[in-house]
1. Being among the charged types (D, E, K, R), touching a residue at least 60 places away in the same chain (Cβ under 8 Å) and assigned by TED's automatic domain parsing to the domain that holds GLN264, is that true of even one residue in the stretch 158-171?
2. Just checking, how many residues over the stretch 267-285 are farther than 16 Å from GLN163 by Cα and free of Cβ contacts under 8 Å to residues at least 40 places away in the same chain?
3. Please count how many residues of the stretch 238-266 are farther than 11 Å from LEU219 by Cβ and touching a residue at least 60 places away in the same chain (Cβ under 8 Å).
4. Condition test on ILE49, is it in the same structural domain as ALA135 (by TED's automatic domain parsing), in contact with a Phe, Trp or Tyr (Cβ under 6 Å, 6 or more places away or on another chain) and in contact (Cβ under 8 Å) with a residue 60 or more places away in the chain?
5. Can you name the residue in the stretch 21-55 that is surrounded by 14 or more Cβ atoms within 10 Å (Cβ to Cβ) and over 28 Å from the mean Cα position of the chain (by Cα) and is also modelled with the lowest pLDDT among such residues?
6. For residues in the stretch 248-285 being closer than 30 Å to ASN140 by Cβ and polar (S, T, N, Q), which is nearest to the chain's Cα centre (by Cα)?
7. Going by the conditions given, is ILE70 out of contact with any helix residue (DSSP H, G or I) (no Cβ under 6 Å at 6 or more places or on another chain) and crowded, with 16+ Cβ neighbours inside 10 Å?
Amino acid sequence: MLKSMTGFGKSVIQLPSKKITVEIKSLNSKNLDINARIPSVYRVKELEIRKKIAQSLVRGKIDFNLFVEITGEETSSTLNKAVVEKYMGELEQIIAAEPVELLKIAVRFPDTLKTQRDELDETEYQQITKAIDEALTAINNYRKDEGEMIETEFLNRSKKLNQLLQEVSDIDPLRIKNVKERLQKAISELKEKLDQNRFEQELIYYIEKFDISEEKSRLANHLEYFDKAVKSTDSNGKKLTFISQEIGREINTIGSKANFAPMQQLVVQMKDELEKIKEQSLNVL
């Protein structure tokens, strides 16, 4: 089953004095690229969090955000009374004002607040781990849903390519006939006596040169392989990209050998369908 690299997952947990929100967003990328925004108190667990994300999401440009909102009376800052009193004493010597006004000015100065460094609470972190797991589950479900839509699109476009290939096969005899007629007309316009044996040899040469039997066969095989890869249990965007390149080579060769306007028009349609497949394959995990 295909999985998209695009996804979003979110989980919110409410602790006695904190609201913790985990958000994970992913976009397509050739490799795994994790950008993590984590409050300083949880930085000690960053490598563990990154490993958990990498094991779950495998590939993509990942934005991980851990938000902490204080909802209770918990605070990590206290007023540094000694510093504030010192500032107020110095201000009294400069300006005449009420103590309340002096206090308003003093608390704006540096070092008036003492910040206590929070210590990681392992019990709290277990709750955060649970939230991360929930967010990862949500984003993986999102990726699966996106992957199902991509899978349907791939199979429809592959079916269209097979239909166009059949049309190419159907008009191929007409193309060969057209090539023969053009050669005969070109030679007749020379108004020279023809060596019939030489003419037949030249005709065989040009027909072999324009023959697309091998290209049609390889293209059909590539399309069959593409469908199998799409329906496989693994999601392998790199494999689909490689197969798409091989499909493109055969289509391009058919186009270069066509030398027949109706067939070249079909080739243009095939290239258009393939281009859309290539664009989407970049978004497959």
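1. So in the stretch 158-171, the residues among the charged types (D, E, K, R) come out as 159-160, 167, 170.
Add one more test, that the residue is touching a residue at least 60 places away in the same chain (Cβ under 8 Å), and what stays is 160, 167.
Checking which are assigned by TED's automatic domain parsing to the domain that holds GLN264 leaves us with 160, 167.
Yes: one or more hits.
2. 3
3. Number satisfying all stated conditions: 7.
4. Values: in the same structural domain as ALA135 (by TED's automatic domain parsing): yes; in contact with a Phe, Trp or Tyr (Cβ under 6 Å, 6 or more places away or on another chain): no; in contact (Cβ under 8 Å) with a residue 60 or more places away in the chain: yes.
When the stated conditions are applied, ILE49 does not pass them.
5. The qualifying residue modelled with the lowest pLDDT is VAL41.
6. The first filter runs over the stretch 248-285 and keeps only residues closer than 30 Å to ASN140 by Cβ, leaving 273-285.
Okay, now just the ones that are also polar (S, T, N, Q), so 280-281, 283.
On the way: GLN280: 8, SER281: 8, ASN283: 3 Å.
The qualifying residue nearest to the chain's Cα centre (by Cα) is ASN283.
7. Numbers: out of contact with any helix residue (DSSP H, G or I) (no Cβ under 6 Å at 6 or more places or on another chain): yes; crowded, with 16+ Cβ neighbours inside 10 Å: no.
Here the answer is no, as ILE70 does not meet what is asked.
Residues are listed down the side, and each one gets a yes or a no for (1) modelled with pLDDT under 95; (2) not in a helix (DSSP H, G or I):
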{"residue": "LEU219", "(1), (2)": "no, no"}
{"residue": "HIS222", "(1), (2)": "no, no"}
{"residue": "ASP234", "(1), (2)": "yes, yes"}
{"residue": "SER244", "(1), (2)": "no, no"}
{"residue": "ASN252", "(1), (2)": "no, no"}
{"residue": "LYS257", "(1), (2)": "yes, no"}
{"residue": "ILE277", "(1), (2)": "no, no"}
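The values are calculated or read from the model by the stated rules, or taken from the named source; none is laboratory data. Bear in mind that the values here come from a model prediction, so they are computed numbers and not experimental data. We place every Cβ from the backbone using ideal geometry, glycine too, and count neighbours over all the protein chains shown.
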